[in-house]
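Reviewing the structure listed below.
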Amino acid sequence: MRPIPANAPVIEFREVAYVLPNGQPLLRDLNLQVQRGETLVLLGRSGSGKTTTLKLVNRLLNPSGGEVWVNGAPNAETDVIRLRRSIGYVIQDVGLFPHFTVERNIGLVPRIEGWPTDRIHLRVQELLQIVGLGREIVSRYPYQLSGGQRQRVGVARALAADPSILLMDEPFGALDALTRDQLQREFLLLQERLNKTVVFVTHDLREALRLGSRIALMEAGQLVTVLPPQDFLRSTDPLAAAYVQAFGEGLNSVATRGSE
Amino acid sequence: MNVFHFFLQHHEEILELTLEHLWLVGISTLLAVLIGIPLGILSAHWPVWNKPVLGTANVIQTIPSLALFGFLLPVPWIGARADRLAILALTLYALLPVIRNTYTGIRGVDPSVVEAGRGMGLTGRQLLFQVELPLAVSVILSGVRVAVVVSVGLATIAAAIGAGGLGEFIFRGLAMVNNQLILAGAIPAAILALTADFGLGWLERRLQPR
């Protein structure tokens, strides 16, 4: 691998377009950089292209035009399996393997990467602690867990091989308000400690303001604006303003990270 | 002389024909599994194959069994021996439930599980063997179960072309208007079918993912 300058973006979209096989465009002229250690939130309504953008990073989708650079190289030139194993991926439906125990779910990538068993075991223990789950849970199956526990296991699984990048697609969207609040709080602590480069998809402005270091607002397959949370609240952009209005009072207290 | 006595008197022949019957069913089911599961996987993963594969299997299923035996008779090597012919015909009939259930089982795996697996960097092979097949196994097995039960019944007809099996008793009994002979073929065949149904059903429940 070639050396990457410290200030180079970890992920970079260059003139990216994505068109469905039937000709319907989902994404146009996307230029976006994600810096090391930041949490970039993709905010927008359903169909705005946030999930498409996310899936272009780990090549679950391939762009129809332009390039996506990951860690200083076009991701189309990286072996797709290697690329995906170096990027953690968390989705709303979690997608835990129902026939595997928690331990096997979390340890799957390390196992296929050929780690020795005791190292996997230690790593699983460590990860459970990081995501705030007790050790007794390792031998349980996904159907024996609550929604919150499942998503914690999902996060632990994504972190298993210590990827520097984490892609999260509405990870807390299906949880009840209380559990969501708790997991958001833990996410901030986790992020302080692990300092991953995170791309986080949500349609919830409150969540975006709380978790993001920058918010990328998307609409109809295009990037509208990219702003830090405090600036987002003051933005004169009509769509951003409409969002702020729709979510109502009390947003200022949520937006912890201002314009630096 | 009642049926019971008849069974005692002819137990050696009944056993021999039962084993022959089992062999016909066993080999043809094995072949159907070896051919049908890959075809099912193929049509589940590449939709273009779905119609031709399932369509062909469907058409085969609609051919009357006696006619199928007749069609295969002139085929070289196959037609030369009755048991080869019977095994081929039984295999062809067993294909549809195996292919269809493999297809259904794999398509029925929760898409979010597959997406998570792909996103984590599992290769296609790892995804298939560690995720899709284990999660589809009980559905696939229920297809095998149907195939076996149908084959046990169908294999009795193989005696019509001289392939042996419990059908020998049935055809002989029909020719001689002898109910005991018919029962000597029909009862063991029914027991075989029920045993296979029960055993595979049990296995299916054991392997059912939660």
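Looking at B:THR91, B:THR62, which one is more than 14 Å from chain A (Cβ to nearest Cβ) and in contact with a helix residue (DSSP H, G or I) (Cβ under 6 Å, 6 or more places away or on another chain)?
B:THR91
Check A:ALA73 against each of (1) within 11 Å of chain B (Cβ to nearest Cβ); (2) more than 19 Å from B:GLU115 (Cα to Cα) and name the one condition it does not meet.
For A:ALA73, the failing item is (1).
Can you tell me which residues in the range B:155-210 are among the charged types (D, E, K, R), more than 14 Å from chain A (Cβ to nearest Cβ) and closer than 30 Å to A:HIS99 by Cα?
B:ASP197, B:GLU204, B:ARG205
Name the single residue, out of those in the range B:98-118 being more than 17 Å from the chain's Cα centre (by Cα) and polar (S, T, N, Q), that is farthest from B:SER28 (Cα to Cα).
Among them, the one singled out is B:SER112.
For the range B:51-89, what are the residues that are under 20 Å from B:THR29 (Cα atoms) and assigned to a loop (DSSP other than H, G, I, E, B)?
B:ILE63, B:PRO64, B:ILE78, B:GLY79, B:ARG81
Which of the following residues is within 30 Å of B:GLY108 (Cα to Cα) and either part of a helix (DSSP H, G or I) or in contact with a helix residue (DSSP H, G or I) (Cβ under 6 Å, 6 or more places away or on another chain) (or both): B:ALA147, B:ALA189?
Every option except B:ALA147 fails the conditions.
Yes or no, residue by residue, for (1) touching a residue at least 40 places away in the same chain (Cβ under 8 Å); (2) within 24 Å of A:GLY95 (Cβ to Cβ); (3) in contact with a strand residue (DSSP E or B) (Cβ under 7 Å, 6 or more places away or on another chain):
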site: A:GLY148; (1), (2), (3): no, yes, no
site: A:ALA158; (1), (2), (3): yes, yes, yes
site: A:PRO171; (1), (2), (3): yes, yes, yes
site: A:GLY221; (1), (2), (3): yes, no, yes
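How about the range A:39-49: which of its residues are modelled with pLDDT of 95 or more and either more than 11 Å from the chain's Cα centre (by Cα) or of a type in the set (Ser, Thr, Tyr) (or both)?
Those that are modelled with pLDDT of 95 or more and either more than 11 Å from the chain's Cα centre (by Cα) or of a type in the set (Ser, Thr, Tyr) (or both): A:THR39, A:LEU43.
So how many residues does the range A:107-126 have that are more than 8 Å from chain B (Cβ to nearest Cβ) and closer than 23 Å to A:ILE11 by Cβ?
Here the count works out to 1.
I need the full set of residues from the range A:178-200 which are under 21 Å from A:LEU96 (Cβ atoms) and either within 14 Å of chain B (Cβ to nearest Cβ) or among the aromatic types (Phe, Trp, Tyr) (or both), in order please.
Result: A:PHE187, A:PHE200.
Which residues, taken from the range A:144-165, are away from chain B (no Cβ under 14 Å) and in contact with a Lys or Arg (Cβ under 8 Å, 6 or more places away or on another chain)?
Once the filter is applied, which keeps residues that are away from chain B (no Cβ under 14 Å) and in contact with a Lys or Arg (Cβ under 8 Å, 6 or more places away or on another chain), the range A:144-165 yields only A:SER164.
Please enumerate the residues belonging to the range B:1-44 that are over 20 Å from the mean Cα position of the chain (by Cα) and either closer than 20 Å to B:VAL146 by Cβ or at pLDDT 95 or above (or both).
Of everything in the range B:1-44, just one residue is over 20 Å from the mean Cα position of the chain (by Cα) and either closer than 20 Å to B:VAL146 by Cβ or at pLDDT 95 or above (or both), namely B:ALA44.
Residues that are under 15 Å from the mean Cα position of the chain (by Cα) and over 18 Å from A:LYS50 (Cβ atoms): list the helices (runs of 4 or more DSSP H) wholly contained in the range A:166-260 that include at least 2 such residues.
So the answer is A:177-194.
Check whether at least one residue in the range A:83-106 is within 27 Å of A:ARG193 (Cβ to Cβ) and more than 14 Å from chain B (Cβ to nearest Cβ), and report yes or no.
Scanning the range A:83-106 turns up at least one residue that is within 27 Å of A:ARG193 (Cβ to Cβ) and more than 14 Å from chain B (Cβ to nearest Cβ).
Collect the residues in the range B:134-153 that are within 13 Å of chain A (Cβ to nearest Cβ) and touching a Gly at 6+ places or on another chain (Cβ under 8 Å), keeping them in residue-number order.
Within the range B:134-153, B:LEU135, B:ALA136, B:VAL137, B:SER138 qualify.
Return the residues of the range A:166-177 that are more than 12 Å from chain B (Cβ to nearest Cβ) and not acidic (Asp, Glu); say none if nothing qualifies.
A:PHE172, A:GLY173, A:LEU175, A:ALA177, listed by residue number.
Kindly indicate the residue of the range B:99-126 that is within 13 Å of chain A (Cβ to nearest Cβ) and among the aliphatic types (A, V, I, L, M) and also farthest from A:VAL109 (Cα to Cα) among those meeting that condition.
The qualifying residue farthest from A:VAL109 (Cα to Cα) is B:VAL109.
Out of the residues in the range B:64-97 that are of a type in the set (Phe, Trp, Tyr) and under 19 Å from B:VAL152 (Cα atoms), state the one that is nearest to the chain's Cα centre (by Cα).
Applying the filter and picking the extreme gives B:TYR93.
Given (1) more than 23 Å from the chain's Cα centre (by Cα); (2) polar (S, T, N, Q); (3) surrounded by 19 or more Cβ atoms within 10 Å (Cβ to Cβ), identify the lone condition not met by B:GLN126.
Here B:GLN126 clears every test but (3).
Criterion first (aliphatic (A, V, I, L, M) and touching a His at 6+ places or on another chain (Cβ under 8 Å)) does B:LEU135 satisfy it? Quick ask: steps written out before the conclusion?
On the way: aliphatic (A, V, I, L, M): yes; touching a His at 6+ places or on another chain (Cβ under 8 Å): yes.
For B:LEU135, the condition - aliphatic (A, V, I, L, M) and touching a His at 6+ places or on another chain (Cβ under 8 Å) - is met.
Looking at B:GLY121, B:GLY79, B:GLY108, which is the one that is in contact with a Lys or Arg (Cβ under 6 Å, 6 or more places away or on another chain) and either at positive phi or surrounded by fewer than 18 Cβ atoms within 10 Å (Cβ to Cβ) (or both)?
Going through B:GLY121, B:GLY79, B:GLY108 in turn, the sole match is B:GLY121.
The values are calculated or read from the model by the stated rules, or taken from the named source; none is laboratory data. In this text the structure is predicted, and so the values were computed from the model without any measurement. With ideal geometry, Cβ positions are generated from the backbone for all residues, glycine too; neighbour counts draw on all protein chains shown.
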